[in-house]
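Quick notes on the structure that follows.
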Amino acid sequence: MDIKATLLLISLIVLFGYFAEWIFEKYSIPDTLSLLLIGFLIGPSVLNLLSIQSLSKIAPLFTTFTLLFLMFDGGLDIDLKSFADGLGSGLIIGLWNFFLSSILITGIMYYIDRDLISALLLGFTLGGITSAYVIPILKQLDVNKKVFTVMTIESSVTDVLSIVFAITIMQIKIAHQFKAGMIFSNIASLFAIAGFTGIIFGILWFYIEGTIVKEDENYIMMIAYVVIVYIITEYLGGNGAISALFLGLVLANSRTIKSFGRLIKRKRDKDKKQKPIVSKREKLFYKEISFFLKTFFFVYIGLLLNLKNTEAIVIGLTISISLMLIRPISSLFTKKFEYLDRKLINSLFARGIAPAVIILIAKENGAIKDQLSIDVVYFVITASIILSSFKVFLYKLKRKEKQTV
């Protein structure tokens, strides 16, 4: 495609993204389904306007940035009280669903004649739900803060667990060595370093925003800052996406954090009330960036579908339906939530960014060589999004019904 045609296609996709959001608000049909369909239509399977090869070089950069920015944006919507209330539930639900899902997927792949290590690799790759789906859906639905926090924590935790466990299995497959302690030490260090780095750089931004840059004029600078924090965290051995979540959390609760210690002085209004570090206008700007990234991520997933591989379709559907059927088991840990909140939590089981990133890594280092496994991952991502969207659709109808009573 030439430059003009490419720009036109990008503009049309963005406009369609807004139209898809309007459809979701008006008719309760999730926009992710429309975006997946558009990706499939413009991809090699139908119109062939975009080839997978042409996007292969930017795909790792795009998926990584999408993950870290959505985590940062999600952190901006969490207050400390909700975080404290939802941390335990989010971790428990996340760990339970991740390991249960991973065992189930491993069993299915092992049953269809995969060796145990290869089956485990696919199981851990697809074990967690995705922030790219969960966070935008929760924002569109405008749910209560506790549910938002619990699901944000679950999606962020399972994203990390998927990456750590899958990469560890890749190392085992390549080196033929297994060290159980390595897995758990890696997870502990990833979270500890990420949390510490995100908090420290969040507090550092109090000083930068208060003394170096002008208020409400640092939108682009903040995006660069998030990327730098991500890179530093990864260099130190932590998880950059989790660090971005903590950075957003600290900035969202700047007034509360500073009131505890009064460690950093900052300009005050005439009424002596401190302004929040992140203004409403700034949050709106970040919301637009998240929308842009989410739109193109789901279009990209639609591009990757290969309907000619019927075996991958059958396996992908089997895994996705199984994930949908076992998701309600997590109700064991959400008994204190209201009925509709539990229904929503059970509806959010879509896979997304982490598997897309992991499968690229596995393909590059030779841990996965067969096209079937690659196609299965993309079909599970797509099918789980479709099924999860259908469950969200039913939830929204139920909520409307309750509100009209």
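The values are calculated or read from the model by the stated rules, or taken from the named source; none is laboratory data. This structure is a prediction, so every number in the text was calculated from the model and none was measured. Every residue, glycine as well, gets a Cβ built from its backbone with ideal geometry; the counts of neighbours run over all protein chains shown.
It is to be established whether one or more residues within region 48-65 are out of contact with any Leu (no Cβ under 7 Å at 6 or more places or on another chain), aliphatic (A, V, I, L, M) and either closer than 26 Å to Lys283 by Cα or buried (at least 17 other Cβ atoms within 10 Å of the Cβ) (or both).
So far as region 48-65 goes, yes, one or more of its residues are out of contact with any Leu (no Cβ under 7 Å at 6 or more places or on another chain), aliphatic (A, V, I, L, M) and either closer than 26 Å to Lys283 by Cα or buried (at least 17 other Cβ atoms within 10 Å of the Cβ) (or both).
Scan (1) assigned to a helix (DSSP H, G or I); (2) under 20 Å from the mean Cα position of the chain (by Cα); (3) modelled with pLDDT under 90; (4) of a type outside the set (Ser, Thr, Tyr) for the single condition Gln53 breaks and write down its number.
All conditions are met except number (2).
Quick one: in region 330-369, which of the residues that are of a type in the set (D, E, K, R) and within 20 Å of Leu304 (Cβ to Cβ) is modelled with the lowest pLDDT? Steps first, answer last, please.
Pass one, region 330-369, residues of a type in the set (D, E, K, R): 335-336, 338, 341-343, 351, 363-364, 369.
Then drop every residue that is not within 20 Å of Leu304 (Cβ to Cβ), which leaves 351, 363-364, 369.
On the way: Arg351: 92, Lys363: 82, Glu364: 77, Lys369: 82.
Restricting to residues being of a type in the set (D, E, K, R) and within 20 Å of Leu304 (Cβ to Cβ), the top hit is Glu364.
What's the number of the only condition in (1) without any contact (Cβ under 8 Å) to a residue 40 or more places away in the chain; (2) not in a helix (DSSP H, G or I) that Ile78 fails to meet?
Just one mismatch for Ile78, condition (1).
Specify the residue that is modelled with the lowest pLDDT; the eligible residues are those in region 210-241 that are of a type in the set (Gly, Ala, Ser) and loosely packed, with under 14 Cβ neighbours inside 10 Å. Reasoning before the result, please.
Taking region 210-241 first, the residues of a type in the set (Gly, Ala, Ser) are 210, 224, 237-238, 240-241.
From what is left, the residues that are loosely packed, with under 14 Cβ neighbours inside 10 Å are 224, 237.
Working: Ala224: 94, Gly237: 86.
Out of the qualifying residues, it is Gly237.
So which residues in region 19-30 are buried (at least 16 other Cβ atoms within 10 Å of the Cβ) and at pLDDT below 85, if there are any at all?
Answer for region 19-30, where residues must be buried (at least 16 other Cβ atoms within 10 Å of the Cβ) and at pLDDT below 85: Phe24, Ser28, Ile29, Pro30.
Considering only region 220-231, state which residues are farther than 19 Å from Val164 by Cβ and β-branched (Val, Ile, Thr). Give the steps one after another, and end with the answer.
Keep residues of region 220-231 that are farther than 19 Å from Val164 by Cβ, which gives 220-229.
Within region 220-231, Ile220, Ile223, Val226, Val227, Ile228, Val229 meet the criteria.
Looking only at region 304-337, how many residues end up being surrounded by fewer than 12 Cβ atoms within 10 Å (Cβ to Cβ) and among the β-branched types (Val, Ile, Thr)?
1
Count, please, the residues in region 86-108 that happen to be crowded, with 18+ Cβ neighbours inside 10 Å and without any contact (Cβ under 8 Å) to a residue 40 or more places away in the chain.
Count: 1.
I'd like to verify a number: residues in region 327-359 that are β-branched (Val, Ile, Thr) and touching a Pro at 6+ places or on another chain (Cβ under 8 Å), how many? Spell out how you get there, then give the answer.
Let us first name the residues in region 327-359 that are β-branched (Val, Ile, Thr), namely 329, 334, 345, 353, 357-359.
Next cut, touching a Pro at 6+ places or on another chain (Cβ under 8 Å) only: 357.
Qualifying residue count, region 327-359: 1.
Given the structure, is Tyr111 aromatic (Phe, Trp, Tyr) and without any contact (Cβ under 8 Å) to a residue 24 or more places away in the chain?
Yes, satisfied.
Here's a check for you: in region 266-294, which residue that is surrounded by 18 or more Cβ atoms within 10 Å (Cβ to Cβ) and part of a loop (DSSP other than H, G, I, E, B) is modelled with the lowest pLDDT?
If we take residues in region 266-294 being surrounded by 18 or more Cβ atoms within 10 Å (Cβ to Cβ) and part of a loop (DSSP other than H, G, I, E, B), then Ile277 is modelled with the lowest pLDDT.
Out of Phe124, Phe148, report the one residue that is among the aromatic types (Phe, Trp, Tyr) and closer than 30 Å to Trp22 by Cα.
Working: Phe124 fails: closer than 30 Å to Trp22 by Cα.
That would be Phe148, the only listed residue that is among the aromatic types (Phe, Trp, Tyr) and closer than 30 Å to Trp22 by Cα.
Would you confirm, using the coordinates I've provided, whether Ser162 is in a helix (DSSP H, G or I) and either closer than 19 Å to Ser279 by Cβ or at pLDDT below 85 (or both)? Break it down stepwise before answering.
Numbers: in a helix (DSSP H, G or I): yes; either closer than 19 Å to Ser279 by Cβ or at pLDDT below 85 (or both): no.
The answer is no for Ser162.
Yes/no matrix, rows are residues, columns are (1) polar (S, T, N, Q); (2) modelled with pLDDT under 90:
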residue: Phe296; (1), (2): no, no
residue: Leu307; (1), (2): no, yes
residue: Thr310; (1), (2): yes, no
residue: Ile313; (1), (2): no, no
residue: Met324; (1), (2): no, no
residue: Pro328; (1), (2): no, no
